[in-house]
Structure formats: C-alpha cells, structure tokens
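Please read the structure below before turning to the comments.
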Amino acid sequence: MPLRNRHGDPSREGATLDRVRLNEVMTRLAFGGRRRGVYTRITELSGARPGDRALDIGCGGGYLARLLAAAVAPGGQVTGLDTSAPAIGYARKRAPANCSFAVGAAQDLPWPDRSFDVVASTLAAHHIPDAARQDACGEMYRVLRPGGALLIADFRPSGRQHSPHSRATARRHGSAIPLEDLAAAAGFHIEARGDLPLLRYVRAIRPGAS
C-alpha cells in the first residue's frame, strides 16, 4: 500500500528503517497492549487455514503476515506486500519459512488471477489515494479465487481518542473509509462486518465455486 509517507523517503535507508521501527512501537501503543489480541482476531476472521495461500496487502513490518503464516501452516504460504522497501526489508528479517514479501501497490498487484485463497489488509486503506481505492479493491477481487475471502480493516470513527498516535491519525485521515461500499462495488458478497478496538472490519467473499 502507499505507505511511503509514513515510512519516509526510501532513498534514506537508515532513517527510513528507524521510522519503520518507530511505527511498530507507535502501533503497539495505539492499541494499548491489545494489538496481539486484535490481530489474532483479524487472522481468525480472515478464515485462513492450513494449506491456504494468503496475501497481506499493506503489510508494513509484517506483524499480521506472521500471524497468518502460523494459521496457514502446514502447507500454506503467505505473501506480504507494501510500497515501502525498508518496511519489506524489516519484515523479511523476521519472516518464518512460509512467508515472503514483495514491494508493490494494491492497485497494481503483480500476481495472476485467482492466485490466493485469502486476502487481508489492515490499516492500509487510508494510505491509498482516494482515486485508487476502488481499483485496489478490484485487484483484491481479481487475485482471489472464487469462494475466497477478503478481510479488510481500518480505523473506525470514534469521538474518543485513545492515544497520541490515534489523534495524529485522525487529523491526517479524517473520516472512516467506506470499506463495505468499496468491496461491494468490486463484486464481493459482504458476509460480515463489525468493530474491534480502534478498527472497523469487513469480511467479504468472491462469489463462485472454489
């Protein structure tokens, strides 16, 4: 996902890697010690299971990708995608054997049609330019097999600010992203929606026989 502003200028590798590490710390703080529980629940909601091929879009430092890798083992494979090369480098250093990473953007995925059983994307949609969000959802649809699941989550609107990180994010990104509308317009069948600490999620299925 377009996380380049968050992680800094990729030509300045040292400073940018420091920002990747800082982002990991700030994300932990934003969730108030609940990040593992929230991301474990996201993994469960994705429906990832042993043998699946899963794609994590906007993977950042690879935290969710590593949880997905555990869920699809044995026999499964997880790929993480992010526009930040330093973030991908950070993720690769921490990756289990069944997890790989690539630099790229959600609106121009490099994989063939029907390549994945599960696509997940958490706290990435608000980094995609408004004009490219529908294209990104169309790409998620394209690379999922029929019957495959999309789990997409982003900040939910709230009158209560939970941390300095969430206050800054609210100022930068404003209102919540219409995840359900974007997924439905791409052709997905909306199966579930709900709230988690800080997040709103949508689980959607690509119609058709698997």
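The values are calculated or read from the model by the stated rules, or taken from the named source; none is laboratory data. Being a predicted model, the structure only gives us computed values, none of them experimental. For neighbour counting, all protein chains shown are included, and Cβ atoms are generated from backbone atoms with ideal geometry for every residue, glycine included. Calculation scope for accessible area: heavy atoms of the full protein, side chains included, ligands and nucleic acids excluded. Shrake-Rupley method; radii C 1.70, N 1.55, O 1.52, S 1.80 Å.
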For this session: Output the number of the condition that Arg160 fails; it satisfies all remaining conditions of (1) among the basic types (Lys, Arg); (2) assigned to a loop (DSSP other than H, G, I, E, B); (3) modelled with pLDDT of 90 or more.
Result: (3)
For this session: Have a look at Tyr90, Tyr63, Tyr39 and point out the one that is farther than 26 Å from Ala183 by Cα, open to solvent by 10 Å² or more (accessible area, probe 1.4 Å) and at pLDDT 90 or above.
Result: Tyr90
Problem set entry | Given (1) surrounded by fewer than 23 Cβ atoms within 10 Å (Cβ to Cβ); (2) not in a loop (DSSP other than H, G, I, E, B), index of the condition Leu55 fails | (1)
Exercise. Only one of Ala48, Ala70, Ala15 is open to solvent by less than 60 Å² (accessible area, probe 1.4 Å), modelled with pLDDT of 80 or more and either of a type outside the set (Phe, Trp, Tyr) or not in a helix (DSSP H, G or I) (or both); which?
Worked result: Ala48
Exercise. Got at least one residue in region 132-140 being under 12 Å from Asp56 (Cα atoms) and in contact (Cβ under 8 Å) with a residue 40 or more places away in the chain?
Worked result: yes
Exercise. With (1) touching an Asp or Glu at 6+ places or on another chain (Cβ under 8 Å); (2) within 11 Å of Ile57 (Cα to Cα) as the list, and Asp117 as the residue in question, which single condition is left unmet?
Worked result: (2)
Exercise. Looking at Leu81, is it open to solvent by less than 30 Å² (accessible area, probe 1.4 Å) and assigned to a helix (DSSP H, G or I)?
Worked result: no
Exercise. Out of region 121-145, which residues are at pLDDT below 95 and among the charged types (D, E, K, R)?
Worked result: Asp130
For this session: Scan region 177-202 for residues that are within 15 Å of Phe155 (Cα to Cα) and in contact with a Gly (Cβ under 8 Å, 6 or more places away or on another chain) and report the count.
Result: 3
